[in-house]
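Remarks on the structure that follows.
The values are calculated or read from the model by the stated rules, or taken from the named source; none is laboratory data. Predicted model, so just to flag it, every value in this text is computed and none were measured. Positions of Cβ are generated from backbone atoms using ideal geometry, with glycine treated the same way; all protein chains shown enter the neighbour counts. The protein model used for the area step is the full one, side chains on, heavy atoms only, and it has no ligands, DNA or RNA in it. Shrake-Rupley method; radii C 1.70, N 1.55, O 1.52, S 1.80 Å.
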Amino acid sequence: MSIATFHAPLAWTPSGWRTHQRLALDTRGRFAAADTDGPAPSLSGGPVLPGLPNLHSHAFQRALLGRVERAGPGEDSFWSWREAMYQVAARFDPDVLRAVAAQLYAEMLEAGYTRVCEFHYLHHAPDGRPYAEPAAMSLALVEAAREAGIGLTLLPVLYQRGGFDGRALGERQRRFAHDHDAFLALLARLRREEARDPDLRVGLAFHSLRAVDEAAMRGVLAALPDPSMPVHLHIAEQVGEVADCLAVHGQRPVRWLLDRFAIDARWTLVHATHLDDGELAGIAASGATVALCPATEANLGDGLFPLRAYLAAGGAFGIGSDSQVSVDPVEELRWLEHGARLGSLKRNRAALAPGASSGETLLAGALAGGAAACGRAPSALAAGGEGDLVVLHGDDPAFAGVAEDGLVDAWLFGRRRPGVREAWRGGRALVLEGRHVRGEAIGRAFRAAMARIAG
Ligand SMILES: [Zn+2]
């Protein structure tokens, strides 16, 4: 049975652009058919793409804009940024988080993201004590996603120590902490929510190898109620993190992980910026996905990911908005390619075969890598794909005179204005004429929340 059917004059399918596609949704909100038969209501006429998965988000960091770009007393780094980030995090409660996340998720939909993996570690009250409802902050994110209509893969984070040497958490990190039993209780609570919400997928995350030790990781993995849950972790974002891991374990972080755990397609390694050749080949062969967040990685001075070598080894990747310095898949994919060009002094780094398009390679890769990381069906305009789609402005000057085989390149490398006209999930319109359908009410609540935490 079909709950909605669209006619797309031009649609990006797994086999490239196709004209006059009929896209029917089944009762689960997935595409049941993508063929050319029969009449159906028309979308607004622009090119239709699958919705993009956002593999890495910390929603509360949306509140950092305008607070972290001023020089400090010493040399600024990721670690000085982190102190400013903790100060903002300390002002969040469940109501503020719900309002900020709803605004962020509406902005994601307006930019073409239709599902987000939320890497969530802001669990408790600022003094470290659990809220009366211990899952209150997680549930605020679930409610925000429902309000905006974005698909949510919620990844509660296990965070237990302040560094590789086992030091205790700092005062501002106390609200991130769980012991084994409390963490599993949180997962169980959220899985009850998942059972009644078809848009929600619950996975888990280990914050990083510096924040969780091997025994804790093993204990949680062995106790999971569902062995197919997606597992994410920050892995090698900073050179300082690699040096600390070498000093304590005698191995680099990715090597240490690959040697100790059965890393496979259910794992997503966030950033993986600093890799040696063996680590790169090891991730690519494992089937894990690397979540790359090029705008954040640039903003925080992390470094450049070895994109071309990783793609040549067959590695899977997706993109994420991470610190929300950019909430736009176009910017992430453009930065990914341009970073690789700047680092190599060469062009067309993602496209490996002669004649291949950089834009189409990046888009197809980000869509393919998103499925396993989100723990969902692929976002694809084809039978079995998630029923998520975005419609670009067909009359955008960026597309004037551009043939079909140049459309994705024109979108990713030439767009100067917001390019998404509509976003739909499961037959429901969430963005029309470039604006979120509930944007005004969500925006009002967001401004009130930001006023509460200002200063
Ligand atoms: Zn992160």
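Among the residues of region 10-24, how many are in contact with a His (Cβ under 9 Å, 6 or more places away or on another chain) and either touching a residue at least 60 places away in the same chain (Cβ under 8 Å) or not in a strand (DSSP E or B) (or both)?
Quick first cut of region 10-24, residues in contact with a His (Cβ under 9 Å, 6 or more places away or on another chain) only: 10-11, 20-23.
So of that shortlist, the ones also either touching a residue at least 60 places away in the same chain (Cβ under 8 Å) or not in a strand (DSSP E or B) (or both) come out as 10-11, 21, 23.
Matching residues across region 10-24 total 4.
Given (1) touching a Ser or Thr at 6+ places or on another chain (Cβ under 8 Å); (2) more than 19 Å from residue 58 (Cα to Cα); (3) not acidic (Asp, Glu), identify the lone condition not met by residue 120.
(2)
How about region 164-182: which of its residues are surrounded by fewer than 15 Cβ atoms within 10 Å (Cβ to Cβ), outside any helix (DSSP H, G or I) and touching a helix residue (DSSP H, G or I) at 6+ places or on another chain (Cβ under 7 Å)?
165
Search region 266-288 for residues that are touching a residue at least 24 places away in the same chain (Cβ under 8 Å) and farther than 14 Å from residue 256 by Cβ and pair each with any residue that is more than 16 Å from the ligand (Cβ to nearest atom) and in a strand (DSSP E or B) when their beta-carbon atoms are under 8 Å apart and the residues are at least 6 apart or on different chains.
Final answer for the pair search is 284/316; 287/316; 288/316.
Every residue in region 251-266 that is of a type in the set (D, E, K, R) and under 16 Å from residue 213 (Cα atoms), please. Reasoning before the result, please.
Taking region 251-266 as the starting set, the residues that turn out to be of a type in the set (D, E, K, R) are 252, 255, 259-260, 264, 266.
Passing the criteria: 252, 255, 259, 260.
Give the residues of region 346-364 that are open to solvent by less than 20 Å² (accessible area, probe 1.4 Å) and part of a helix (DSSP H, G or I), sorted by residue number.
358, 359, 362, 363
Residues are listed down the side, and each one gets a yes or a no for (1) closer than 17 Å to residue 385 by Cβ; (2) at pLDDT 80 or above; (3) of a type outside the set (Val, Ile, Thr):
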| position | (1), (2), (3) |
| --- | --- |
| 4 | yes, yes, yes |
| 20 | no, yes, yes |
| 33 | yes, no, yes |
| 36 | yes, no, no |
| 66 | no, yes, yes |
| 75 | no, no, yes |
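Among (1) closer than 30 Å to residue 198 by Cβ; (2) out of contact with any helix residue (DSSP H, G or I) (no Cβ under 9 Å at 6 or more places or on another chain); (3) away from the ligand (no atom under 16 Å from the Cβ), where does residue 363 come up short?
Of the numbered conditions (1) closer than 30 Å to residue 198 by Cβ; (2) out of contact with any helix residue (DSSP H, G or I) (no Cβ under 9 Å at 6 or more places or on another chain); (3) away from the ligand (no atom under 16 Å from the Cβ), the odd one out for residue 363 is (2).
Do the conditions hold for residue 217, that is, is it within 18 Å of residue 118 (Cβ to Cβ) and either assigned to a loop (DSSP other than H, G, I, E, B) or open to solvent by less than 10 Å² (accessible area, probe 1.4 Å) (or both)? Before you say what the answer is, go through the steps one by one.
Numbers: within 18 Å of residue 118 (Cβ to Cβ): no; either assigned to a loop (DSSP other than H, G, I, E, B) or open to solvent by less than 10 Å² (accessible area, probe 1.4 Å) (or both): yes.
So residue 217 does not fit the description; no.
Just to verify a result, which residue in region 280-304, among those that are closer than 27 Å to residue 228 by Cβ and surrounded by 24 or more Cβ atoms within 10 Å (Cβ to Cβ), is farthest from the chain's Cα centre (by Cα)?
Here the answer is 283.
Which numbered condition in (1) within 16 Å of the ligand (Cβ to nearest atom); (2) without any contact (Cβ under 8 Å) to a residue 60 or more places away in the chain; (3) part of a loop (DSSP other than H, G, I, E, B) is the only one that residue 161 fails?
Only one criterion in (1) within 16 Å of the ligand (Cβ to nearest atom); (2) without any contact (Cβ under 8 Å) to a residue 60 or more places away in the chain; (3) part of a loop (DSSP other than H, G, I, E, B) is unmet by residue 161, namely (1).
If you take the residues in region 326-337 that are of a type outside the set (Asp, Glu) and touching a residue at least 60 places away in the same chain (Cβ under 8 Å), which one is surrounded by the most Cβ atoms within 10 Å (Cβ to Cβ)?
To start, the set of residues in region 326-337 that are of a type outside the set (Asp, Glu) comprises 326-327, 329-330, 333-336.
Okay, now just the ones that are also touching a residue at least 60 places away in the same chain (Cβ under 8 Å), so 327, 329-330, 333-334.
On the way: 327: 22, 329: 28, 330: 21, 333: 26, 334: 22.
Per the stated criteria, the residue is 329.
Where the second residue is outside any helix (DSSP H, G or I) and surrounded by fewer than 21 Cβ atoms within 10 Å (Cβ to Cβ) and the first is touching a residue at least 24 places away in the same chain (Cβ under 8 Å) and lies in region 250-262, which pairs have Cβ atoms under 8 Å and are six or more apart or on separate chains?
Once the first residue is touching a residue at least 24 places away in the same chain (Cβ under 8 Å) and sits in region 250-262, its partners that are outside any helix (DSSP H, G or I) and surrounded by fewer than 21 Cβ atoms within 10 Å (Cβ to Cβ) give 252/276; 255/276; 257/263.
Looking only at residues in region 229-238 that are within 16 Å of the ligand (Cβ to nearest atom) and open to solvent by less than 10 Å² (accessible area, probe 1.4 Å), which one is farthest from residue 116 (Cα to Cα)?
236
Looking only at residues that are in contact with a helix residue (DSSP H, G or I) (Cβ under 6 Å, 6 or more places away or on another chain) and open to solvent by less than 20 Å² (accessible area, probe 1.4 Å) in region 312-325, which one is nearest to the ligand (Cβ to nearest atom)? So that I can check it myself, show each step before the final result.
Kept after step one, since they are in contact with a helix residue (DSSP H, G or I) (Cβ under 6 Å, 6 or more places away or on another chain), are these residues of region 312-325: 313-319, 322-325.
Pick out the ones that are also open to solvent by less than 20 Å² (accessible area, probe 1.4 Å) and you get 315, 317-319, 322-324.
On the way: 315: 19, 317: 15, 318: 14, 319: 13, 322: 5, 323: 7, 324: 11 Å.
The qualifying residue nearest to the ligand (Cβ to nearest atom) is 322.
Kindly list, by first and then second residue, each pair from a residue in region 54-71 that is of a type outside the set (S, T, N, Q) to a residue that is part of a strand (DSSP E or B) and more than 12 Å from the ligand (Cβ to nearest atom), limited to pairs with Cβ atoms under 7 Å and residues at least 6 apart or on different chains.
Matching pairs, first to second residue: 55/318; 55/319.
Kindly indicate the residue of region 265-311 that is assigned to a helix (DSSP H, G or I) and among the acidic types (Asp, Glu) and also farthest from the ligand (Cβ to nearest atom) among those meeting that condition.
The initial filter retains those residues of region 265-311 that are assigned to a helix (DSSP H, G or I), namely 277-286, 294-299, 307-311.
Remaining after also requiring among the acidic types (Asp, Glu): 277, 279, 297.
Details: 277: 25, 279: 19, 297: 10 Å.
The qualifying residue farthest from the ligand (Cβ to nearest atom) is 277.
In a helix (DSSP H, G or I), within 16 Å of the ligand (Cβ to nearest atom) and modelled with pLDDT under 95: which single residue out of 241, 332 fits that description? Outline the logic, then answer.
Working: 332 fails: modelled with pLDDT under 95.
After ruling out the rest, the residue left standing is 241.
Let's see how each residue does on (1) over 26 Å from residue 270 (Cα atoms); (2) within 19 Å of the chain's Cα centre (by Cα); (3) not in a strand (DSSP E or B):
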| position | (1), (2), (3) |
| --- | --- |
| 372 | no, yes, yes |
| 378 | no, yes, yes |
| 391 | yes, no, no |
| 442 | yes, no, yes |
| 445 | yes, no, yes |
| 448 | yes, no, yes |
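Quick one: residue 247 ticks every box in (1) over 23 Å from residue 371 (Cβ atoms); (2) more than 15 Å from the ligand (Cβ to nearest atom); (3) buried (at least 21 other Cβ atoms within 10 Å of the Cβ) bar one, so which box is it?
Exception for residue 247: condition (3).
Within region 116-154, restricting attention to residues that are open to solvent by less than 10 Å² (accessible area, probe 1.4 Å) and part of a helix (DSSP H, G or I), which residue is nearest to the ligand (Cβ to nearest atom)?
The extreme case among them is 141.
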